[in-house]
Amino acid sequence: MTELTAEGGHGAVPTGPEVPVADRPAVSRRDWPLYEVFVRGKRGLNHVHVGSLHAPDDEMAVHAARDVYTRRNEGVSIWVVQAADITASSPDEKDPMFAPSGDKVYRHPTFYEIPDDVPHI
Amino acid sequence: MTAPALDRTLDEAALQARFDATIAAGHRIEPRDWMPEGYRKTLVRQIAQHAHSEIIGMQPEGDWLLAAPSLRRKAVLLAKVQDEAGHGLYLYSAAETLGADRADLTDKLIERRQKYSSIFNYPTLTYADVGVIGWLVDGAAICNQVPLCRSSYGPYARAMIRVCKEESFHQRQGYELLMTMMGGTPEQQAMVQDAVDRWWWPSLMMFGPPDDESPNSAQSMAWGIKRHSNDELRQRFVDMTVPQAAVLGVTLPDPELALDEATGRYRFGPIDWSELQRVISGQGPCNDERIARRRAARDDNAWVTEAATAYAEKHA
């Protein structure tokens, strides 16, 4: 029996090495640009990244984001940005980028010993 | 001249160690992290077939949109089919974080090089099938999908949380539809029983072959992609469903189905795995129809894609 897995939702599908995954040029016209979508859940909250989608332009991206990511009152405001326009820190830089904050414990209020009988501090 | 190769080996070992430590700590792997090629390929295969299943899954129920018996049922069914489209898109989006390309995955589906769940190759013969798909097929999908919310790959796990929230509506609307029909005429009740008879065994097959025939499951488990074995999930589904069938007043078509007093779990009869093999290899009742319609959707609507692209370029 070929390798089947039920994991992946509706299940029982071949997922063995015979299933190709490498990219080839698509027969159909290449997809529209990729946009990342951010939704403000309600007033008072930040916009939060919820996923991505393809759209031909910015305006259509907002419309598509509304249909794909807010069918049940999940948001009151949507931001979209082309994925290609995002600049991110590299995961390889993790140590040099974030390590310096690790040894600066004096930046946290708990670093400072204050007698218990000093009020409101 | 050999030094760079040696360095690469050392680097790779360090990267693998960091990956293993992340998995062992129960933390998530995120898109730009280093990951073993086998992990990436396994995820692309799994997420792609999952996305394809959601998209093809729109068809069996979509067939009833224009024949829904009331405006209420039509609105519900439309919302459900729209959700399936959304689920497919969340999942393609997760696959793309692994370097896959959505248009390319769609082509692979249409060329039958990647598969979708065999369950969608069965026809929906009556409106009761819409209810039974919600109750049994989506019920089985929930059993599979809930553990995936803890999958080790972050974007997949997050997509599954979103999917699972919506899937609960799918199952409940199906069960409610069936309860309504079971409260109706003898003909309506017979339609429900007939649909249950046809969908029960294919629903059990959704969990895949028995554990001793799933050689690669262990690797997926170790990677935290898979959390429970096929047989474990199948048993969980049967235990959940038997009491629901009793409330509904239908008989599940398995004479061997019985409660095991010692374990509190239900024993069930043997599954005909040759049927699953047949349907997966393309011999199911609707395989050709499903792919033909997906192909037509891509090709016949290509002009819409092209027009929108042309408009965007003109206004850029």
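The values are calculated or read from the model by the stated rules, or taken from the named source; none is laboratory data. These numbers were taken from a predicted model, which means no experiment stands behind them. Neighbour counts run over all protein chains shown; Cβ positions are idealised from the backbone, glycine included. For accessibility, only protein heavy atoms count, side chains too; no ligands or nucleic acids. Shrake-Rupley method; radii C 1.70, N 1.55, O 1.52, S 1.80 Å.
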The stretch B:100-180, relative contact order in percent, only Cα pairs under 8 angstrom and at least six apart counted
34 percent
Relative contact order of the stretch B:209-266, defined on C-alpha pairs under 8 angstrom at six or more residues apart (%):
26 percent
Expressed as a fraction of 2.2 N^0.38 Å, the rule-of-thumb size for a compact globular protein of N residues, what is the C-alpha radius of gyration of chain B?
1.11
Among the stretch B:100-139, those whose backbone N falls under 20 Å of a label point 7 Å along Cα→Cβ from B:Ala190 are B:124-132
Tell me, what HN-Hα J-couplings in whole Hz come from the Karplus equation 6.51 cos²θ - 1.76 cosθ + 1.60 at θ = phi - 60° for each residue of the stretch B:128-140, using x for Gly and Pro?
4, 4, 4, x, 5, 4, x, 6, 8, 5, 5, x, 5
Using a 1.4 Å probe on protein heavy atoms only, how many Å² of accessible area do B and A hide from each other, summed over both chains and rounded to 100?
5100 Å²
Calculated diffusion of the protein assembly as shown, Stokes-Einstein form, Kirkwood radius summed over Cα pairs, 25 °C and 0.890 mPa s, µm²/s:
102 µm²/s
Relative to the longest principal Cα axis of chain B, at what angle does helix B:71-96 sit, 0 to 90 degrees, rounded to 10?
20 degrees
Measure nothing fancy, just the Cα-based angle from helix B:37-56's long axis to the longest principal axis of chain B, in degrees from 0 to 90, nearest 10.
30 degrees
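Normalised by the residues of chain B, what does the relative contact order come to in percent, with Cα pairs under 8 Å and at least six apart? Can you show the working numbers first?
On the way: 335 pairs, mean separation 58.2, N = 316.
Over chain B, the number comes to 18 percent.
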Using 0.36 nm per residue of separation minus the Cα-Cα distance, give me the extension gain between A:Asp85 and A:Met97 in nm, one decimal.
2.2 nm
Hey, what angle do you get for helix B:302-314 against the long axis of chain B, alpha-carbon based, 0 to 90 degrees rounded to 10?
50 degrees
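Carbon and sulfur: what percent of chain B's accessible surface (1.4 Å probe)? If you can, show how the numbers build up before the last one.
Details: 8030 of 13940 Å².
Solvent-exposed carbon and sulfur of chain B make up 58 percent of the total.
Can you compute the charge dipole magnitude of chain B about its Cα centre, using +1 on each Lys and Arg Cβ and -1 on each Asp and Glu Cβ, nothing else charged? Give it in debye, rounded to the nearest 20.
Values: 35 positive and 43 negative charges, 147 e Å.
Charge dipole of chain B: 700 debye, to the nearest 20.
Roughly what % antiparallel, to the nearest 5, for the DSSP beta bridges in the protein assembly as shown?
Details: 18 of 19 bridges.
Percent antiparallel among DSSP bridges in the protein assembly as shown is about 95.
What is the mean projected area of the alpha carbon convex hull for the stretch B:13-67, to one decimal in square nanometres?
Orientation-averaged projected area of the Cα hull: 5.3 nm².
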Quick one: Debye curve from the C-alpha atoms of the stretch B:50-121, no solvent, what's log10 I(q)/I(0) at q = 0.18 Å⁻¹?
-0.72
Only helices counted: for the protein assembly as shown, with every DSSP H run of 4 or more residues adding -39500 (n - 2.57) and the sum spread over all residues, [θ] at 222 nm is -16000 deg cm²/dmol
Placed amide H near A:Gly16: partners under 5 Å, 5+ positions off or other chain:
A:Glu3
Equivalent ellipsoid semi-axes - Cα gyration tensor, the stretch B:96-251, angstrom
31, 18, 15
Reachable lysines from B:Lys108, criterion Cα separation under 30 angstrom, eight or more residues apart if same chain
B:Lys41, B:Lys80, B:Lys165, B:Lys226
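If R₀ is 45 angstrom, what is the calculated FRET efficiency for the pair B:Arg72 and B:Ala17, using the beta carbon separation as r and rounding to 0.05? If you can, show how the numbers build up before the last one.
On the way: r = 57 Å, r/R0 = 1.27.
FRET efficiency, B:Arg72 to B:Ala17: 0.20.
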